[in-house]
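Below you'll find the structure, written out as structure tokens, and then a few comments.
Please treat every number below as a calculation from the coordinates, not as lab data. Since this is a predicted model, take the numbers as computed values, not measurements. Quick reminder, even Gly has a Cβ in these numbers, built from the backbone with ideal geometry, and neighbours come from all protein chains shown.
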Amino acid sequence: MAYSYQLKRVDFIFRNENDWEKVLSATIKKKPDEIINELISSELKGRGGAGFPTGLKWKLTAESKTKEKYVICNADEGEPGTFKDREILSKVPYKVLTAMAVCGYVTGAKEGFIYLRGEYKFLEEELNKAIDEFQYYCQEINLDFKIKIFMGSGAYICGEETALMESMEGRRGEPRNKPPFPTQAGYRGKPTVINNVETLVHTWTIFKYGAKKFYDLGVQYSRGTKLFSVSGDTPKPGIYELELGMSLQDFVYEFGDGDTKAVQVGGASGFLVPRKKFKDTAIGYEGKLVGISLPTGGSMMLFNSSRSMFNVLDNYLEFFREESCGQCTPCRVGCQQLLLGIKAVKRGEKPASYLDKLLKLTETMQLTAKCGLGQSVANSFSSIVENFREEMIY
Amino acid sequence: MDPIQSLIKDLADQYGRKRESLLPVMQRVVQKEKYLSEYSMIEIAREMDIPAAEVFGTATFYSFLETKPAGKYIIRVCKTITCAMKGKNQLLFAIQDMLKIKIGETTPDKKFTLLETNCLGWCHKAPAMLINDDVYTEVTPERIREILTGYMKENN
């Protein structure tokens, strides 16, 4: 059978370029407005998973009259199945630092932080060397912007932007209520731009090659490229830069082992897509006209038919139960009860219909949990239970 | 001043006595002492003028800030999905068999502590583990024996 094969490999992010000094000095010769408009017209959206338009985020922070502002690079990459940010920081740190400095120039922030997860402490030394060299050049061109690393200490929830700020302020990493959003009141209550590592590197691409080059990649509503962290049952696990908008069928055709039963898109907080829905699923932000569009921070985990979906869900729930910050009841108690619940059904202590009760519980969590962690447990739970119900019971 | 007191004082001098410095200070104490004892936490509270309950509350939130005595080398084996699929259990059996400790325990010579942890971000090279800050990936039971033997020989 002929197969129209449409995965588009691209190489921007890890392209080895030694001209960061030139890119930085050329970019900050432009007016802040110009840079913001460039970002907005590129339609770059946040690559951490939530997909907020990056140009708008910078603009909102730039508009604030407050003097003290901050730029934060979120390198608390904790979502199961994601490992691209580590690779970016070890291979092309200058692109990240340049983007942070430009963001400082655009918004008026004088200080930037890289919040690096504790698990990546081995990167700290090399990264500090890169920062030193970078700061030396900033001084040379009279750019007043300081970058420091802030180390995390092993808490998934600190990847949530407001929890991350609480953590930087020396507190438990408990998410805040939104609004106010960080662009108004972020770190130390001051306007803050917080971007994912990968998002920052894409802004570098836009500064260097122009918004059009970026916009021409991908599909409507999902412009540009994305790094995908591919793991699980695949002959070629690793990190791949691909254009957004591909169909999951094409993805599996390229990365599957010929026996792919399901793909988890977006990590434990994302969705599990069973084989029969591969061809109706596209990878990108919402707004595509046909089929389902699934956004992802880049985590793509493949499962073949030897895997028990009960074990997969059990593993996710244990993860969430441990990583829930415990602040709000729906998430703290919900995660515990979901885990107890599926085990009870599996052991036959509860009837199969109990799964429907648990599905209702995830709906409640989605509506009432304070942050993305509690709200998104429903994603993997319902997509696994609804598509592999028999595996939950027998 | 005892050694812990002076360590904490030095750290507070270095990082400042602001609340923002609490995590870096605690991280450095853990790096040196392997864990935050009740005494260390009270000293940090006193030195930085933060309520001791707040210091305790913050410390216990973070999984890398140990509050129980730990060995010189903390082994953290990733237990999240891909590592679980790719042989995490065999790895754990091999370590337990070699060190004669269970998960959560420390060897009698205080050299190794064995823990499980959540996703380390090495899913494409599973199973992965940390020994202190050093990463080991695609660890087979054979390789773990070699690795641990290396640590055992080191400066007893």
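Numbers at a glance
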| read-out | value |
| --- | --- |
| Unpaired by the 4.7 Å Cβ criterion, cysteines found in chain B | B:119, B:123 |
| Unit charges at the beta carbon, dipole of the protein assembly as shown: most positive-side option, A:298, A:143, A:100 | A:298 |
| Rounded to 10°, Cα long-axis angle of helix B:22-33 versus longest principal axis of chain B | 60 degrees |
| Length-normalised contact order for chain A - Cα pairs under 8 Å, 6+ apart - percent | 17 percent |
| Cα-based reach from residue B:86 at 18 Å (exclusive), listing lysines while leaving out same-chain residues under 8 positions away | A:236, A:261, B:125 |
| Lys, Arg +1 and Asp, Glu -1 on Cβ, resulting dipole of segment A:20-215 about Cα centre, debye, nearest 20 | 560 debye |
| Computed helical MRE - 222 nm, chain A, DSSP H runs ≥ 4 contributing -39500 (n - 2.57), nearest 500 | -13500 deg cm²/dmol |
| Separation in nanometres of the label points that stand 7 Å from Cα toward Cβ, at residue A:349 and residue A:29 | 7.1 nm |
| Cα→Cβ-extended label distance, 7 Å offset, between residue A:139 and residue A:91, nm | 3.2 nm |
| Prolate/oblate/rounded label for chain B (Cα gyration tensor, a/c 1.5) | prolate |
| Tensor-based shape of segment B:3-59 (alpha-carbon gyration tensor, a/c under 1.5 rounded, otherwise prolate or oblate) | rounded |
| Dipole magnitude of chain B, debye to nearest 20 (Cβ charges: Lys/Arg +1, Asp/Glu -1, about Cα centre) | 440 debye |
| Tensor-based shape of segment A:98-175 (alpha-carbon gyration tensor, a/c under 1.5 rounded, otherwise prolate or oblate) | oblate |
| Folded to 0 to 90 degrees: helix A:372-387 orientation relative to chain A principal axis, Cα | 40 degrees |
| Estimated inter-spin distance, residue B:93 and residue A:21, nm [label 7 Å along Cα→Cβ] | 5.7 nm |
| Segment A:209-268 and segment A:126-149: distance between their alpha carbon centers, rounded to Å | 33 Å |
| Backbone HN-Hα couplings from phi across segment B:80-86 [Karplus 6.51/-1.76/1.60, Hz, Gly and Pro as x] | 6, 2, 5, 5, 5, 6, 9 |
| Degrees separating the helix B:88-99 axis from the principal Cα axis of chain B, which is the longest one | 80 degrees |
| GluC sites (Glu not before Pro) restricted to DSSP loop in segment A:1-94 with at most 16 other C-beta within 10 Å | A:17, A:68 |
| Segment B:108-124 - phi-based ³J(HN,Hα) in whole Hz, Karplus 6.51/-1.76/1.60, Gly and Pro as x | x, 7, 6, 8, 10, 10, 10, 9, 9, 9, 8, 2, 8, x, 10, 4, 7 |
| Relative contact order of segment A:20-215, pairs being alpha-carbon contacts under 8 Å that are 6 or more residues apart, as % | 31 percent |
| Interchain or long-range residues, amide H under 5 Å from residue A:350's placed H | A:345 |
| Interchain or long-range residues, amide H under 5 Å from residue A:146's placed H | A:111, A:112 |
| Percentage of interatomic Cα-Cα distances in segment A:309-393 larger than 22 Å | 15 percent |
| Semi-axis lengths (Å, descending) of the ellipsoid that matches the C-alpha gyration tensor of segment A:1-145 | 26, 21, 17 |
| Residues whose placed amide H lies under 5 Å from that of residue A:218, excluding near-sequence neighbours | A:224, A:244 |
| Assigned charges on the beta-carbon of Lys, Arg, Asp, Glu; the protein assembly as shown dipole about Cα centre (debye) | 780 debye |
| Inter-part distance where segment A:338-356 and segment B:2-38 are each reduced to a Cα centre, Å | 46 Å |
| q = 0.26 Å⁻¹: log10 I(q)/I(0) that the Debye formula gives for segment B:73-153, counting C-alpha atoms only | -1.38 |
| Extended-chain gain in nm, criterion 0.36 nm per residue less alpha-carbon gap, residue A:50 and residue A:308 | 90.0 nm |
| Karplus-derived HN-Hα couplings along segment A:240-245 (A = 6.51, B = -1.76, C = 1.60, θ = phi - 60°), whole Hz, x at Gly and Pro | 9, 9, 10, 5, 6, x |
| Ranked list, fewest to most other Cβ atoms within 10 Å of each Cβ, for B:123, A:325 | A:325, B:123 |
